[in-house]
1. Mind checking which residues of region 335-356 are surrounded by fewer than 13 Cβ atoms within 10 Å (Cβ to Cβ) and within 23 Å of SER407 (Cβ to Cβ)?
2. Quick one: which of LEU505, LEU437 is among the aliphatic types (A, V, I, L, M) and either within 18 Å of GLU418 (Cα to Cα) or at pLDDT below 85 (or both)?
3. For ASP357, indicate whether it is assigned to a helix (DSSP H, G or I) and without any contact (Cβ under 8 Å) to a residue 60 or more places away in the chain.
4. Tell me, please, whether a residue that is part of a helix (DSSP H, G or I), open to solvent by less than 80 Å² (accessible area, probe 1.4 Å) and either more than 15 Å from VAL511 (Cβ to Cβ) or in contact with a His (Cβ under 8 Å, 6 or more places away or on another chain) (or both) can be found in region 423-440.
5. When you check GLU195 against the structure, is it touching an Asp or Glu at 6+ places or on another chain (Cβ under 8 Å), of a type in the set (Asp, Glu) and modelled with pLDDT under 80, yes or no?
6. Give me the pairs: first residue in region 41-62 and farther than 21 Å from GLU171 by Cα and touching a residue at least 60 places away in the same chain (Cβ under 8 Å), second residue open to solvent by 30 Å² or more (accessible area, probe 1.4 Å) and assigned to a loop (DSSP other than H, G, I, E, B), beta-carbon distance under 8 Å, and six or more apart or on different chains, which are they?
7. Run ARG145 past the list (1) open to solvent by 40 Å² or more (accessible area, probe 1.4 Å); (2) within 30 Å of PRO276 (Cβ to Cβ); (3) modelled with pLDDT of 85 or more and report the number of the one that doesn't hold.
8. Does at least one position in region 292-305 carry a residue that is farther than 30 Å from ALA207 by Cα, open to solvent by less than 80 Å² (accessible area, probe 1.4 Å) and under 54 Å from the mean Cα position of the chain (by Cα)?
Amino acid sequence: MRKLKDAGITGSADVSAPHHALSESTSVAGEPDGALSQLPDIARRLVGADFAAVTVMDAAGRVDRMYYSGISHEQAAKVGPLPTGRGVLGMLGPEDAPLRLDDISHHPRSVGFPAGHPPMESLLGAKVTGAAVKANLYVANGPGRSGFTLRDEELVKALTSYARMALLNEELGVRESALRQASEQTQQQLQAVLERSPAAVIVIDAATRNITSVNAATEKILGIRIEPGAPADRGGMPVKFTQPDGEAVTEENLPTLKALTTGQPTEPAELIALLPGGRRLPVLLSASPIHGPDGQVTAVVVVFQDVTRMKELERVKSDFFSMVTHDLRSPVATIKGIARTAMGEVEAGSSIATYLDAIDEEADHLSEIVSNFLDMSRIEAGVNIFDLETCHMADLVHDAVRRMGRSRQAMGREITVEVPQDLPSLYADPQQVGRVLDNLLSNALKYSAGPVRVRAFQNVQTRLVTEVIDQGDGIPPEHMDSLFSKFFRVRQGQRRGREGSGLGLAICRAVVEGQRGEIGVRSRLHEGSTFWFSLPIEVRDADV
(Lines give C-alpha, C1' and ligand atoms only; values in the text may rest on other atoms or scores of the structure.)
Protein backbone atom coordinates (compact mmCIF):
# COMPACT_ATOMS: atom_id res chain seq x y z
CA MET A 1 0.00 0.00 0.00
CA ARG A 2 1.49 3.37 -1.12
CA LYS A 3 0.80 6.93 -0.07
CA LEU A 4 -0.11 8.87 -3.28
CA LYS A 5 -1.95 12.11 -4.05
CA ASP A 6 -4.85 11.11 -6.32
CA ALA A 7 -6.68 8.29 -8.03
CA GLY A 8 -9.59 10.15 -9.56
CA ILE A 9 -10.34 7.78 -12.41
CA THR A 10 -14.00 8.83 -12.57
CA GLY A 11 -13.36 12.41 -13.47
CA SER A 12 -14.78 13.69 -10.20
CA ALA A 13 -11.69 14.44 -8.18
CA ASP A 14 -11.60 17.23 -5.63
CA VAL A 15 -8.11 18.67 -5.36
CA SER A 16 -8.85 19.92 -1.84
CA ALA A 17 -9.44 16.42 -0.49
CA PRO A 18 -6.99 15.06 2.13
CA HIS A 19 -4.34 12.50 1.21
CA HIS A 20 -5.39 8.85 1.60
CA ALA A 21 -4.04 5.45 0.66
CA LEU A 22 -4.04 4.52 -3.03
CA SER A 23 -3.25 0.83 -3.45
CA GLU A 24 -2.19 -1.25 -6.41
CA SER A 25 -4.10 -4.38 -7.32
CA THR A 26 -1.38 -6.57 -5.88
CA SER A 27 -2.30 -7.72 -2.33
CA VAL A 28 -0.24 -9.24 0.43
CA ALA A 29 -1.58 -12.63 1.57
CA GLY A 30 -3.13 -12.53 5.01
CA GLU A 31 -3.91 -8.80 5.03
CA PRO A 32 -7.52 -7.94 6.02
CA ASP A 33 -8.11 -6.07 2.73
CA GLY A 34 -6.42 -8.64 0.46
CA ALA A 35 -9.67 -9.70 -1.27
CA LEU A 36 -10.72 -6.13 -2.02
CA SER A 37 -7.31 -5.25 -3.42
CA GLN A 38 -7.57 -8.14 -5.92
CA LEU A 39 -11.07 -7.16 -7.09
CA PRO A 40 -10.06 -4.38 -9.59
CA ASP A 41 -7.78 -6.73 -11.51
CA ILE A 42 -10.50 -9.41 -11.63
CA ALA A 43 -13.10 -6.90 -12.88
CA ARG A 44 -10.79 -5.39 -15.50
CA ARG A 45 -9.91 -8.78 -16.96
CA LEU A 46 -13.51 -10.05 -16.80
CA VAL A 47 -14.96 -7.27 -18.97
CA GLY A 48 -11.78 -6.43 -20.93
CA ALA A 49 -11.51 -2.89 -19.53
CA ASP A 50 -8.46 -0.66 -19.61
CA PHE A 51 -8.78 0.42 -15.98
CA ALA A 52 -10.59 -0.73 -12.78
CA ALA A 53 -10.80 0.52 -9.21
CA VAL A 54 -12.51 -0.07 -5.88
CA THR A 55 -13.10 2.89 -3.56
CA VAL A 56 -13.93 2.24 0.12
CA MET A 57 -15.82 4.95 2.01
CA ASP A 58 -15.55 5.84 5.68
CA ALA A 59 -18.49 6.39 8.05
CA ALA A 60 -18.94 9.96 6.78
CA GLY A 61 -19.19 8.82 3.16
CA ARG A 62 -15.74 10.07 2.13
CA VAL A 63 -13.36 7.90 0.10
CA ASP A 64 -10.93 6.39 2.58
CA ARG A 65 -9.04 3.86 0.43
CA MET A 66 -8.70 3.05 -3.24
CA TYR A 67 -7.43 -0.08 -4.99
CA TYR A 68 -6.74 0.08 -8.75
CA SER A 69 -5.65 -1.94 -11.76
CA GLY A 70 -4.39 -0.88 -15.21
CA ILE A 71 -2.39 2.16 -14.10
CA SER A 72 1.39 2.02 -14.03
CA HIS A 73 3.43 3.07 -11.03
CA GLU A 74 4.61 6.15 -12.91
CA GLN A 75 1.06 7.22 -13.74
CA ALA A 76 -0.15 6.52 -10.21
CA ALA A 77 2.63 8.70 -8.82
CA LYS A 78 1.21 11.70 -10.72
CA VAL A 79 -2.36 11.30 -9.40
CA GLY A 80 -3.60 13.83 -6.81
CA PRO A 81 -6.06 13.58 -3.89
CA LEU A 82 -8.73 10.89 -3.74
CA PRO A 83 -12.14 11.65 -5.34
CA THR A 84 -14.86 13.03 -3.11
CA GLY A 85 -17.95 12.09 -5.16
CA ARG A 86 -18.91 15.63 -6.21
CA GLY A 87 -18.96 14.68 -9.88
CA VAL A 88 -20.04 11.55 -11.69
CA LEU A 89 -19.31 9.40 -8.62
CA GLY A 90 -22.22 11.05 -6.87
CA MET A 91 -24.57 9.64 -9.54
CA LEU A 92 -24.26 6.03 -8.41
CA GLY A 93 -27.71 4.79 -7.47
CA PRO A 94 -28.90 1.76 -5.51
CA GLU A 95 -27.16 -1.59 -5.78
CA ASP A 96 -29.46 -2.81 -8.60
CA ALA A 97 -28.90 0.29 -10.77
CA PRO A 98 -25.29 0.50 -11.99
CA LEU A 99 -24.04 3.63 -13.75
CA ARG A 100 -23.02 3.03 -17.44
CA LEU A 101 -21.65 5.92 -19.53
CA ASP A 102 -20.21 5.83 -23.05
CA ASP A 103 -18.52 9.20 -22.58
CA ILE A 104 -17.85 10.59 -19.12
CA SER A 105 -17.22 14.10 -20.40
CA HIS A 106 -20.74 14.38 -21.87
CA HIS A 107 -22.38 13.84 -18.50
CA PRO A 108 -23.63 17.08 -16.90
CA ARG A 109 -22.09 16.12 -13.54
CA SER A 110 -18.62 15.60 -15.00
CA VAL A 111 -15.98 17.97 -13.65
CA GLY A 112 -13.09 16.70 -15.79
CA PHE A 113 -9.84 15.04 -14.80
CA PRO A 114 -6.98 16.56 -12.81
CA ALA A 115 -3.59 17.03 -14.43
CA GLY A 116 -1.60 13.81 -14.72
CA HIS A 117 -4.73 11.63 -14.66
CA PRO A 118 -4.85 8.87 -17.32
CA PRO A 119 -7.43 9.78 -20.04
CA MET A 120 -10.67 7.81 -19.70
CA GLU A 121 -13.87 7.90 -21.76
CA SER A 122 -16.41 5.16 -20.97
CA LEU A 123 -17.34 4.19 -17.39
CA LEU A 124 -19.27 1.41 -15.67
CA GLY A 125 -19.77 1.59 -11.89
CA ALA A 126 -21.80 -0.21 -9.20
CA LYS A 127 -22.31 0.25 -5.46
CA VAL A 128 -21.27 -2.36 -2.91
CA THR A 129 -22.99 -2.16 0.50
CA GLY A 130 -21.68 -4.03 3.52
CA ALA A 131 -22.90 -4.14 7.13
CA ALA A 132 -20.92 -1.10 8.23
CA VAL A 133 -18.63 -0.24 5.28
CA LYS A 134 -19.63 0.86 1.77
CA ALA A 135 -17.59 0.69 -1.44
CA ASN A 136 -17.88 1.33 -5.19
CA LEU A 137 -16.57 -0.81 -8.05
CA TYR A 138 -15.60 0.89 -11.32
CA VAL A 139 -14.26 -0.17 -14.73
CA ALA A 140 -13.26 2.33 -17.42
CA ASN A 141 -11.87 2.49 -20.98
CA GLY A 142 -9.57 5.02 -22.60
CA PRO A 143 -10.44 7.16 -25.65
CA GLY A 144 -11.13 5.24 -28.89
CA ARG A 145 -12.34 2.12 -27.10
CA SER A 146 -15.95 0.95 -27.33
CA GLY A 147 -18.33 1.49 -24.41
CA PHE A 148 -19.48 -1.18 -22.02
CA THR A 149 -22.36 -3.51 -22.86
CA LEU A 150 -25.35 -4.77 -20.90
CA ARG A 151 -23.49 -8.05 -20.49
CA ASP A 152 -20.57 -6.14 -18.95
CA GLU A 153 -23.04 -4.50 -16.59
CA GLU A 154 -24.40 -7.89 -15.49
CA LEU A 155 -20.87 -9.17 -14.92
CA VAL A 156 -19.96 -6.12 -12.79
CA LYS A 157 -23.18 -6.52 -10.79
CA ALA A 158 -22.24 -10.16 -10.18
CA LEU A 159 -18.84 -9.06 -8.91
CA THR A 160 -20.48 -6.82 -6.31
CA SER A 161 -21.58 -9.98 -4.44
CA TYR A 162 -17.95 -11.02 -4.24
CA ALA A 163 -17.06 -7.51 -3.16
CA ARG A 164 -19.78 -7.60 -0.51
CA MET A 165 -18.29 -10.78 0.94
CA ALA A 166 -14.86 -9.16 0.86
CA LEU A 167 -16.24 -6.16 2.78
CA LEU A 168 -17.89 -8.45 5.31
CA ASN A 169 -14.65 -10.37 5.81
CA GLU A 170 -12.82 -7.11 6.27
CA GLU A 171 -15.35 -5.87 8.82
CA LEU A 172 -15.19 -9.16 10.70
CA GLY A 173 -11.41 -9.01 10.63
CA VAL A 174 -11.42 -5.48 12.04
CA ARG A 175 -13.89 -6.47 14.76
CA GLU A 176 -11.93 -9.61 15.58
CA SER A 177 -8.74 -7.58 15.80
CA ALA A 178 -10.43 -5.03 18.08
CA LEU A 179 -11.90 -7.75 20.28
CA ARG A 180 -8.57 -9.57 20.43
CA GLN A 181 -6.82 -6.35 21.37
CA ALA A 182 -9.44 -5.56 24.02
CA SER A 183 -9.18 -9.12 25.36
CA GLU A 184 -5.40 -8.89 25.52
CA GLN A 185 -5.61 -5.54 27.31
CA THR A 186 -8.15 -6.95 29.76
CA GLN A 187 -5.94 -9.97 30.43
CA GLN A 188 -2.92 -7.73 30.95
CA GLN A 189 -4.86 -5.49 33.32
CA LEU A 190 -6.24 -8.51 35.22
CA GLN A 191 -2.77 -10.03 35.44
CA ALA A 192 -1.38 -6.74 36.75
CA VAL A 193 -4.14 -6.58 39.39
CA LEU A 194 -3.51 -10.18 40.44
CA GLU A 195 0.25 -9.71 40.66
CA ARG A 196 -0.17 -6.60 42.81
CA SER A 197 -2.87 -8.13 45.00
CA PRO A 198 -1.87 -8.67 48.65
CA ALA A 199 -4.14 -11.75 48.69
CA ALA A 200 -3.09 -15.10 47.28
CA VAL A 201 -4.90 -16.02 44.07
CA ILE A 202 -4.90 -19.49 42.46
CA VAL A 203 -6.82 -20.37 39.28
CA ILE A 204 -7.81 -24.03 38.83
CA ASP A 205 -9.01 -25.66 35.61
CA ALA A 206 -12.35 -27.37 36.21
CA ALA A 207 -11.81 -30.21 33.75
CA THR A 208 -8.31 -31.31 34.76
CA ARG A 209 -8.30 -29.96 38.34
CA ASN A 210 -4.83 -28.61 37.59
CA ILE A 211 -3.55 -25.21 38.70
CA THR A 212 -3.31 -22.88 35.71
CA SER A 213 -2.25 -19.61 37.33
CA VAL A 214 -0.65 -18.49 40.60
CA ASN A 215 0.14 -14.91 41.65
CA ALA A 216 3.27 -13.79 43.51
CA ALA A 217 1.46 -13.30 46.83
CA THR A 218 0.69 -17.02 47.03
CA GLU A 219 4.32 -18.04 47.53
CA LYS A 220 4.88 -15.13 49.89
CA ILE A 221 1.93 -16.09 52.10
CA LEU A 222 2.30 -19.87 52.03
CA GLY A 223 6.08 -19.96 51.96
CA ILE A 224 6.00 -22.67 49.29
CA ARG A 225 6.31 -22.47 45.51
CA ILE A 226 3.36 -23.67 43.43
CA GLU A 227 3.99 -24.21 39.74
CA PRO A 228 1.23 -23.76 37.13
CA GLY A 229 0.19 -27.14 35.77
CA ALA A 230 0.54 -28.88 39.12
CA PRO A 231 -2.48 -30.92 40.27
CA ALA A 232 -4.70 -29.14 42.78
CA ASP A 233 -4.87 -31.67 45.61
CA ARG A 234 -7.80 -31.91 48.00
CA GLY A 235 -10.24 -30.26 45.64
CA GLY A 236 -8.17 -27.24 44.80
CA MET A 237 -5.40 -26.45 47.29
CA PRO A 238 -1.98 -28.09 47.74
CA VAL A 239 -2.21 -27.68 51.53
CA LYS A 240 -4.43 -29.19 54.20
CA PHE A 241 -7.00 -27.21 56.17
CA THR A 242 -8.69 -27.46 59.53
CA GLN A 243 -11.36 -25.47 61.30
CA PRO A 244 -10.11 -22.89 63.85
CA ASP A 245 -10.99 -25.37 66.61
CA GLY A 246 -8.76 -28.03 65.01
CA GLU A 247 -11.52 -30.10 63.39
CA ALA A 248 -10.46 -31.41 59.97
CA VAL A 249 -12.18 -29.98 56.90
CA THR A 250 -13.54 -32.66 54.60
CA GLU A 251 -12.89 -32.27 50.88
CA GLU A 252 -16.57 -31.73 50.06
CA ASN A 253 -16.72 -28.85 52.56
CA LEU A 254 -13.78 -26.98 51.03
CA PRO A 255 -14.93 -23.74 49.33
CA THR A 256 -12.99 -24.77 46.21
CA LEU A 257 -14.91 -28.00 45.65
CA LYS A 258 -18.22 -26.31 46.51
CA ALA A 259 -17.62 -23.71 43.80
CA LEU A 260 -16.72 -26.45 41.30
CA THR A 261 -19.77 -28.61 42.02
CA THR A 262 -22.43 -25.96 42.66
CA GLY A 263 -21.23 -23.30 40.22
CA GLN A 264 -21.83 -20.66 42.90
CA PRO A 265 -19.31 -18.43 44.71
CA THR A 266 -18.67 -19.31 48.34
CA GLU A 267 -18.68 -17.05 51.36
CA PRO A 268 -15.23 -16.42 52.91
CA ALA A 269 -14.43 -19.22 55.37
CA GLU A 270 -12.04 -18.82 58.28
CA LEU A 271 -9.70 -21.80 58.25
CA ILE A 272 -6.26 -22.88 59.44
CA ALA A 273 -3.78 -23.83 56.70
CA LEU A 274 -1.39 -26.59 57.74
CA LEU A 275 1.90 -25.82 55.99
CA PRO A 276 5.19 -27.75 55.67
CA GLY A 277 7.28 -27.63 58.82
CA GLY A 278 4.22 -27.68 61.08
CA ARG A 279 3.38 -24.00 60.59
CA ARG A 280 -0.29 -23.11 61.17
CA LEU A 281 -1.56 -20.13 59.22
CA PRO A 282 -5.00 -18.57 59.82
CA VAL A 283 -6.53 -17.68 56.45
CA LEU A 284 -9.78 -16.39 55.01
CA LEU A 285 -10.58 -18.64 52.02
CA SER A 286 -13.18 -18.13 49.28
CA ALA A 287 -13.74 -19.48 45.76
CA SER A 288 -15.60 -18.17 42.71
CA PRO A 289 -16.42 -20.19 39.57
CA ILE A 290 -15.81 -18.99 36.01
CA HIS A 291 -18.51 -20.04 33.55
CA GLY A 292 -18.10 -20.75 29.85
CA PRO A 293 -20.53 -19.73 27.08
CA ASP A 294 -22.58 -22.88 27.72
CA GLY A 295 -22.93 -22.06 31.40
CA GLN A 296 -20.62 -24.85 32.54
CA VAL A 297 -17.89 -24.15 35.09
CA THR A 298 -14.56 -23.91 33.26
CA ALA A 299 -12.34 -22.76 36.12
CA VAL A 300 -12.36 -21.71 39.76
CA VAL A 301 -10.57 -18.73 41.25
CA VAL A 302 -9.41 -19.37 44.82
CA VAL A 303 -8.56 -16.35 46.98
CA PHE A 304 -7.18 -16.49 50.50
CA GLN A 305 -5.78 -13.90 52.86
CA ASP A 306 -3.39 -14.21 55.75
CA VAL A 307 -5.37 -13.00 58.78
CA THR A 308 -2.58 -13.54 61.34
CA ARG A 309 -2.22 -9.83 62.02
CA MET A 310 -5.97 -9.38 62.31
CA LYS A 311 -6.16 -12.27 64.78
CA GLU A 312 -3.38 -10.75 66.88
CA LEU A 313 -5.18 -7.42 67.02
CA GLU A 314 -8.42 -9.15 67.97
CA ARG A 315 -6.63 -11.07 70.74
CA VAL A 316 -5.02 -7.90 72.13
CA LYS A 317 -8.38 -6.13 72.03
CA SER A 318 -10.12 -9.08 73.66
CA ASP A 319 -7.48 -9.37 76.39
CA PHE A 320 -7.70 -5.66 77.14
CA PHE A 321 -11.48 -5.79 77.11
CA SER A 322 -11.52 -8.82 79.42
CA MET A 323 -9.06 -7.20 81.83
CA VAL A 324 -11.06 -3.97 82.10
CA THR A 325 -14.42 -5.67 82.56
CA HIS A 326 -12.95 -8.14 85.07
CA ASP A 327 -11.58 -5.26 87.14
CA LEU A 328 -15.04 -3.65 87.17
CA ARG A 329 -16.64 -6.62 88.90
CA SER A 330 -15.15 -5.92 92.32
CA PRO A 331 -16.21 -2.23 92.62
CA VAL A 332 -19.69 -3.04 91.26
CA ALA A 333 -20.14 -5.76 93.86
CA THR A 334 -18.89 -3.36 96.56
CA ILE A 335 -21.37 -0.67 95.51
CA LYS A 336 -24.24 -3.14 95.55
CA GLY A 337 -23.20 -4.49 98.97
CA ILE A 338 -23.00 -0.99 100.48
CA ALA A 339 -26.39 -0.07 99.01
CA ARG A 340 -27.99 -3.24 100.40
CA THR A 341 -26.48 -2.67 103.84
CA ALA A 342 -27.54 0.98 103.94
CA MET A 343 -31.11 0.11 102.88
CA GLY A 344 -31.50 -1.91 106.10
CA GLU A 345 -30.55 1.12 108.22
CA VAL A 346 -32.89 3.74 106.78
CA GLU A 347 -36.64 4.20 107.07
CA ALA A 348 -38.60 2.43 104.35
CA GLY A 349 -40.27 4.84 101.92
CA SER A 350 -37.93 7.71 102.74
CA SER A 351 -36.15 9.66 100.01
CA ILE A 352 -32.81 8.08 101.06
CA ALA A 353 -34.36 4.61 100.72
CA THR A 354 -35.52 5.56 97.20
CA TYR A 355 -32.00 6.69 96.26
CA LEU A 356 -30.44 3.54 97.66
CA ASP A 357 -32.97 1.42 95.78
CA ALA A 358 -32.02 3.21 92.53
CA ILE A 359 -28.32 2.62 93.26
CA ASP A 360 -29.03 -1.06 93.83
CA GLU A 361 -30.94 -1.29 90.54
CA GLU A 362 -28.17 0.47 88.59
CA ALA A 363 -25.58 -1.81 90.19
CA ASP A 364 -27.56 -4.84 88.96
CA HIS A 365 -27.71 -3.34 85.47
CA LEU A 366 -23.98 -2.59 85.45
CA SER A 367 -23.21 -6.09 86.77
CA GLU A 368 -25.24 -7.58 83.90
CA ILE A 369 -23.30 -5.51 81.34
CA VAL A 370 -19.96 -6.53 82.84
CA SER A 371 -20.99 -10.20 82.81
CA ASN A 372 -22.03 -9.95 79.17
CA PHE A 373 -18.70 -8.37 78.23
CA LEU A 374 -16.75 -11.03 80.09
CA ASP A 375 -18.72 -13.90 78.59
CA MET A 376 -18.44 -12.53 75.06
CA SER A 377 -14.67 -12.15 75.41
CA ARG A 378 -14.43 -15.73 76.71
CA ILE A 379 -16.58 -17.04 73.85
CA GLU A 380 -14.52 -15.21 71.23
CA ALA A 381 -11.33 -16.52 72.83
CA GLY A 382 -12.61 -20.07 72.33
CA VAL A 383 -12.99 -20.83 76.05
CA ASN A 384 -15.46 -23.62 76.76
CA ILE A 385 -18.19 -22.04 78.90
CA PHE A 386 -20.51 -25.05 78.93
CA ASP A 387 -21.14 -27.55 81.73
CA LEU A 388 -23.41 -30.08 80.02
CA GLU A 389 -25.85 -32.30 81.88
CA THR A 390 -29.29 -33.83 81.46
CA CYS A 391 -32.01 -31.21 81.95
CA HIS A 392 -35.65 -30.54 81.07
CA MET A 393 -36.98 -27.50 79.23
CA ALA A 394 -40.10 -27.36 81.43
CA ASP A 395 -37.90 -26.79 84.50
CA LEU A 396 -35.68 -24.25 82.71
CA VAL A 397 -38.65 -22.20 81.48
CA HIS A 398 -40.33 -22.34 84.90
CA ASP A 399 -37.17 -21.07 86.62
CA ALA A 400 -36.68 -18.30 84.01
CA VAL A 401 -40.28 -17.06 84.34
CA ARG A 402 -39.96 -17.10 88.13
CA ARG A 403 -36.75 -15.04 87.96
CA MET A 404 -38.31 -12.59 85.52
CA GLY A 405 -41.41 -12.27 87.70
CA ARG A 406 -39.25 -10.71 90.46
CA SER A 407 -37.94 -8.00 88.10
CA ARG A 408 -39.34 -4.49 87.88
CA GLN A 409 -40.06 -4.72 84.15
CA ALA A 410 -42.40 -7.71 84.75
CA MET A 411 -44.58 -5.86 87.24
CA GLY A 412 -48.20 -6.02 86.08
CA ARG A 413 -47.31 -8.13 83.02
CA GLU A 414 -48.69 -11.52 82.05
CA ILE A 415 -46.30 -14.31 81.00
CA THR A 416 -48.06 -17.42 79.67
CA VAL A 417 -46.20 -20.74 79.64
CA GLU A 418 -47.07 -23.57 77.19
CA VAL A 419 -44.41 -26.20 77.84
CA PRO A 420 -45.58 -29.85 78.16
CA GLN A 421 -44.07 -31.73 81.07
CA ASP A 422 -43.48 -34.85 78.96
CA LEU A 423 -41.05 -33.26 76.51
CA PRO A 424 -37.84 -35.24 75.96
CA SER A 425 -34.84 -34.22 78.04
CA LEU A 426 -31.88 -32.20 76.76
CA TYR A 427 -28.17 -32.69 77.20
CA ALA A 428 -27.19 -29.05 77.65
CA ASP A 429 -25.87 -26.44 80.06
CA PRO A 430 -28.94 -25.49 82.15
CA GLN A 431 -27.36 -22.27 83.39
CA GLN A 432 -26.51 -21.04 79.89
CA VAL A 433 -29.88 -22.12 78.42
CA GLY A 434 -31.55 -20.30 81.31
CA ARG A 435 -29.51 -17.25 80.42
CA VAL A 436 -30.87 -17.39 76.85
CA LEU A 437 -34.42 -17.60 78.20
CA ASP A 438 -33.77 -14.68 80.59
CA ASN A 439 -32.49 -12.52 77.72
CA LEU A 440 -35.35 -13.35 75.35
CA LEU A 441 -37.98 -12.79 78.06
CA SER A 442 -36.35 -9.51 79.09
CA ASN A 443 -36.36 -8.24 75.50
CA ALA A 444 -39.99 -9.30 75.00
CA LEU A 445 -41.03 -7.31 78.09
CA LYS A 446 -38.94 -4.29 77.10
CA TYR A 447 -40.19 -4.06 73.52
CA SER A 448 -43.89 -4.78 74.07
CA ALA A 449 -46.70 -3.80 76.40
CA GLY A 450 -49.02 -6.81 76.12
CA PRO A 451 -48.78 -10.40 77.34
CA VAL A 452 -45.76 -12.59 76.56
CA ARG A 453 -45.95 -16.31 75.71
CA VAL A 454 -43.31 -19.00 76.12
CA ARG A 455 -43.87 -22.35 74.46
CA ALA A 456 -41.76 -25.40 73.66
CA PHE A 457 -42.37 -28.39 71.40
CA GLN A 458 -40.58 -31.18 69.58
CA ASN A 459 -40.57 -30.44 65.84
CA VAL A 460 -38.44 -33.31 64.57
CA GLN A 461 -37.15 -36.50 66.13
CA THR A 462 -33.97 -34.99 67.59
CA ARG A 463 -34.84 -31.28 67.98
CA LEU A 464 -36.68 -29.34 70.66
CA VAL A 465 -37.84 -25.80 69.83
CA THR A 466 -38.53 -23.04 72.37
CA GLU A 467 -40.29 -19.79 71.39
CA VAL A 468 -40.74 -16.46 73.18
CA ILE A 469 -43.62 -14.55 71.60
CA ASP A 470 -44.56 -10.90 72.17
CA GLN A 471 -47.18 -8.54 70.74
CA GLY A 472 -44.92 -5.53 70.28
CA ASP A 473 -44.22 -3.28 67.29
CA GLY A 474 -42.14 -5.89 65.48
CA ILE A 475 -38.69 -5.52 63.94
CA PRO A 476 -38.06 -3.52 60.75
CA PRO A 477 -37.01 -5.85 57.88
CA GLU A 478 -33.76 -3.97 57.31
CA HIS A 479 -32.63 -4.87 60.86
CA MET A 480 -33.31 -8.61 60.70
CA ASP A 481 -29.88 -9.62 59.37
CA SER A 482 -28.01 -7.60 62.03
CA LEU A 483 -30.17 -8.51 65.01
CA PHE A 484 -27.77 -11.12 66.46
CA SER A 485 -24.62 -9.07 65.80
CA LYS A 486 -22.52 -7.62 68.60
CA PHE A 487 -23.49 -4.15 69.87
CA PHE A 488 -26.51 -3.93 67.57
CA ARG A 489 -29.64 -2.35 69.06
CA VAL A 490 -32.96 -1.59 67.41
CA ARG A 491 -33.82 2.03 68.16
CA GLN A 492 -37.36 1.99 66.79
CA GLY A 493 -40.73 1.19 68.23
CA GLN A 494 -42.10 0.99 71.74
CA ARG A 495 -39.79 -0.08 74.54
CA ARG A 496 -39.76 -0.07 78.32
CA GLY A 497 -36.76 0.30 80.57
CA ARG A 498 -33.16 1.16 79.81
CA GLU A 499 -31.06 0.17 76.78
CA GLY A 500 -28.66 -2.73 77.18
CA SER A 501 -25.14 -3.27 75.94
CA GLY A 502 -26.18 -4.71 72.60
CA LEU A 503 -24.53 -8.04 73.47
CA GLY A 504 -27.52 -10.01 74.75
CA LEU A 505 -28.67 -11.56 71.46
CA ALA A 506 -25.08 -12.07 70.29
CA ILE A 507 -24.38 -14.09 73.45
CA CYS A 508 -27.64 -16.02 72.97
CA ARG A 509 -26.53 -17.02 69.49
CA ALA A 510 -23.07 -18.05 70.74
CA VAL A 511 -24.59 -20.10 73.58
CA VAL A 512 -27.14 -21.87 71.35
CA GLU A 513 -24.77 -22.55 68.46
CA GLY A 514 -22.09 -23.68 70.92
CA GLN A 515 -24.46 -26.49 71.95
CA ARG A 516 -25.15 -27.57 68.34
CA GLY A 517 -28.38 -25.57 68.22
CA GLU A 518 -29.94 -22.88 66.05
CA ILE A 519 -31.53 -19.52 66.85
CA GLY A 520 -33.63 -17.09 64.85
CA VAL A 521 -36.56 -14.69 64.77
CA ARG A 522 -39.84 -14.21 62.90
CA SER A 523 -41.34 -10.75 62.97
CA ARG A 524 -43.88 -8.54 61.23
CA LEU A 525 -44.24 -4.82 61.84
CA HIS A 526 -47.07 -3.97 64.26
CA GLU A 527 -47.77 -7.69 64.79
CA GLY A 528 -45.06 -8.66 67.26
CA SER A 529 -42.02 -10.94 67.17
CA THR A 530 -41.23 -14.58 67.87
CA PHE A 531 -37.69 -15.40 68.97
CA TRP A 532 -36.94 -19.11 68.81
CA PHE A 533 -34.07 -21.47 69.43
CA SER A 534 -33.72 -25.22 68.97
CA LEU A 535 -31.45 -27.67 70.78
CA PRO A 536 -30.74 -31.35 70.13
CA ILE A 537 -32.70 -33.78 72.27
CA GLU A 538 -30.62 -36.09 74.45
CA VAL A 539 -30.03 -39.43 72.73
CA ARG A 540 -29.57 -42.29 75.17
CA ASP A 541 -27.70 -45.48 74.35
CA ALA A 542 -30.93 -47.49 74.52
CA ASP A 543 -32.49 -45.21 71.90
CA VAL A 544 -29.70 -45.64 69.34
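1. Within region 335-356, GLY337, THR341, GLY344, ALA348, GLY349, THR354 qualify.
2. Values: LEU505 fails: either within 18 Å of GLU418 (Cα to Cα) or at pLDDT below 85 (or both).
None of the others qualify; the one that does is LEU437.
3. Values: assigned to a helix (DSSP H, G or I): yes; without any contact (Cβ under 8 Å) to a residue 60 or more places away in the chain: yes.
Taking the combined requirement at face value, the residue satisfies it.
4. First pass over region 423-440, keeping only residues part of a helix (DSSP H, G or I): 430-440.
Now narrow it down to the ones that are open to solvent by less than 80 Å² (accessible area, probe 1.4 Å): 430, 432-440.
When the remaining residues are screened for being either more than 15 Å from VAL511 (Cβ to Cβ) or in contact with a His (Cβ under 8 Å, 6 or more places away or on another chain) (or both), the result is none.
Looking through region 423-440, none of the residues is part of a helix (DSSP H, G or I), open to solvent by less than 80 Å² (accessible area, probe 1.4 Å) and either more than 15 Å from VAL511 (Cβ to Cβ) or in contact with a His (Cβ under 8 Å, 6 or more places away or on another chain) (or both).
5. On the way: touching an Asp or Glu at 6+ places or on another chain (Cβ under 8 Å): no; of a type in the set (Asp, Glu): yes; modelled with pLDDT under 80: yes.
The answer is no for GLU195.
6. ARG44/ASP50; ARG44/GLY70; ALA49/GLY70; ASP50/GLY70; ASP50/ARG145; PHE51/GLY70; ALA52/GLY70
7. (2)
8. Of the residues in region 292-305, the ones farther than 30 Å from ALA207 by Cα are none.
No, region 292-305 contains no residue that is farther than 30 Å from ALA207 by Cα, open to solvent by less than 80 Å² (accessible area, probe 1.4 Å) and under 54 Å from the mean Cα position of the chain (by Cα).
The values are calculated or read from the model by the stated rules, or taken from the named source; none is laboratory data. Bear in mind that the values here come from a model prediction, so they are computed numbers and not experimental data. Ideal geometry is used to build each Cβ from the backbone, glycine not excepted, and the neighbour counts take in all protein chains shown. Calculation scope for accessible area: heavy atoms of the full protein, side chains included, ligands and nucleic acids excluded. Shrake-Rupley method; radii C 1.70, N 1.55, O 1.52, S 1.80 Å.
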